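Asker: I am attaching a structure below and will ask some questions about it afterwards.
The values are calculated or read from the model by the stated rules, or taken from the named source; none is laboratory data. Bear in mind the structure is a predicted one, so any value in this text is a computation, not a measurement. Here Cβ is always computed from backbone atoms with ideal geometry, including for glycine, and neighbour counts include all displayed protein chains. Remember, those area values only see protein heavy atoms, side chains included, never the ligands or the DNA or RNA. Shrake-Rupley method; radii C 1.70, N 1.55, O 1.52, S 1.80 Å.
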Amino acid sequence: METSGIPWYADENGFYSEDYFDIINIASVKEETASQCDFLEEVLKLPKGAKILDLCCGHGRLTVPLAMRGYDMTGQDINSYFLKLAGEEAEKNGLRVNFIRGDMRKIDFTGHFDAVLNMFTSLGALESDEEDEKVFREVFKALKPGGKFIIEYVNKDFIFRRFKETDRRDIPGGYVEINRKYNHLTSSHRETYDIYRNGSLVKHTELKFRFYALTELFAMLKRSGFSVRDVFGGFDRIPVTFDTKSCVIISEKL
């Protein structure tokens, strides 16, 4: 869905707006932040001061805590509202973080970063597989030789073993009605969100994702110059199974 020519993922009045934090239950997500940062430190094995790009950093959920741990963090996102929140959080903690507004298909650095993170299923929202693969090539360009690229991506097998066409989720002051439709020919998935507060419909918004299989992501990484070093079914280093919600891919620039 597009509003006035704006792609859904760039519409700051759509899914990625203030309502987003209620829809995803941000409090429960934040509870996992410390353990996720622990995991990233363990797998990256980088010295303090190393340069890390958090690509699609959102409101800085990982960018700011990693900066607090001593890393030279850059956060890039297309959403100015999220970046404002991230900047305020960094400033509140006395941190200097370079936040950049930009599309992930264009990273204005070459051979600069020791690691790039792409977390919380940020891939798959673009208009085609080719557009997603542009991201991989930009990340490759932005990394130093031997730099690591870490992707957290939803586990397609987990999602579709539990697929529900309709759902309802309580949020503060109301609820959200969710309708889902999956296209088996394109592996694309559309969701609509009707947000009700105080008994009234206050917003209708849509999102659309391409759900990649792990083998497809591996092929895209290889074509872009990366070697996959490890894959986990989450930040606790368990194997990927039908019951793991996400996949964490650790790859390296050859």
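Asker: Can you list the aspartates and glutamates whose alpha carbon sits under 17 Å from that of residue 106, skipping same-chain ones fewer than 8 residues off?
Answerer: Output for residue 106: 54, 77, 127, 129, 130, 131, 132, 133, 138.
Asker: Under 15 Å from a label point 7 Å along Cα→Cβ of residue 254: give me every residue in the range 109-137 with its amide N that close.
Answerer: Answer for this model: 137.
Asker: Can you give the net charge of the other residues whose Cβ lies under 9 Å from the Cβ of residue 104, counting K and R as +1 and D and E as -1? Write down the numbers at each step before the final one.
Answerer: On the way: positive: 105, 106, 134; negative: 77, 103, 138.
Around residue 104, the charge tally is 0.
Asker: Any idea of the accessible area per residue across the range 27-161, 1.4 Å probe, to the nearest Å²?
Answerer: Details: 5820 Å² over 135 residues.
Counting only protein heavy atoms, the per-residue value for the range 27-161 is 43 Å².
Asker: Same structure again: Hey, what did the range 101-171 get for relative contact order, percent, Cα under 8 Å, at least 6 apart? Don't jump to the answer; show the numbers that get you there.
Answerer: Details: 70 pairs, mean separation 30.3, N = 71.
Relative contact order here is 43 percent.
Asker: Another one. By DSSP, what percent of the beta bridges with both residues in the chain are antiparallel, rounded to the nearest 5? Numbers along the way, then the final one.
Answerer: Numbers: 40 of 57 bridges.
That works out to approximately 70 percent antiparallel.
Asker: Rank 71, 153, 175 by mean-square fluctuation in a GNM of the chain with C-alpha springs under 10 angstrom and give only the top-ranked residue.
Answerer: Taking springs between Cα atoms under 10 Å, the residue moving most is 175.
Asker: Could you work out what % of the accessible surface of the range 134-181 is carbon and sulfur, using a 1.4 angstrom probe and leaving DNA, RNA and ligands out of the count?
Answerer: Numbers: 1170 of 2500 Å².
With neighbouring chains kept in place, the figure for the range 134-181 is 47 percent.
Asker: Roughly speaking, what is the stretch gain from residue 26 to residue 236, that is 0.36 nm per residue apart minus the C-alpha to C-alpha distance, in nm to one decimal?
Answerer: Values: separation 210, 0.36 × 210 = 75.60 nm, distance 2.01 nm.
Gain on stretching residue 26 to residue 236: 73.6 nm.
Asker: As a check on your grasp of the helix formula, calculate [θ] at 222 nm for the chain: sum -39500 (n - 2.57) over DSSP H runs of n ≥ 4, divide by the residue count, round to the nearest 500.
Answerer: Details: 8 runs with 71 residues, N = 254.
Calculated at 222 nm, the ellipticity per residue is -8000 deg cm²/dmol.
Asker: Using the Cα gyration tensor of the range 1-144, with a ≥ b ≥ c the square roots of its eigenvalues, what is the shape: rounded (a/c below 1.5), prolate (a/b larger than b/c) or oblate (neither)? Numbers along the way, then the final one.
Answerer: Values: a/c = 1.72, a/b = 1.19, b/c = 1.44.
Oblate, because a/c is 1.5 or more while a/b does not exceed b/c.
Asker: Considering the zone a paramagnetic label at residue 213 would reach in this model (a point 7 Å from Cα along the Cα-to-Cβ line), which residues of the range 146-180 have amide N under 12 Å from it?
Answerer: 156-157
Asker: Most fluctuating residue of 228, 240, 202 in a GNM of the chain with Cα springs under 10 Å: which is it?
Answerer: Greatest mean-square fluctuation among the candidates belongs to 202.
Asker: Looking at this model, which pairs from 208/245; 141/222; 51/208; 45/84; 92/253 are more than 24 angstrom apart at the alpha-carbon? Intermediate values should be presented prior to the final figure.
Answerer: Details: 208/245 19 Å; 141/222 14 Å; 51/208 32 Å; 45/84 30 Å; 92/253 35 Å.
Correct reply: 51/208; 45/84; 92/253.
Asker: Which residue, 105, 180, 161, tops the fluctuation ranking in a GNM of the chain built on C-alpha contacts under 10 Å?
Answerer: Highest fluctuation of the listed residues: 161.
Asker: Given (i) 25; (ii) 46; (iii) 36, which label gives percent of Cα pairs over 30 Å apart as computed from the coordinates?
Answerer: Comparing each candidate, only (i) matches the computed number.
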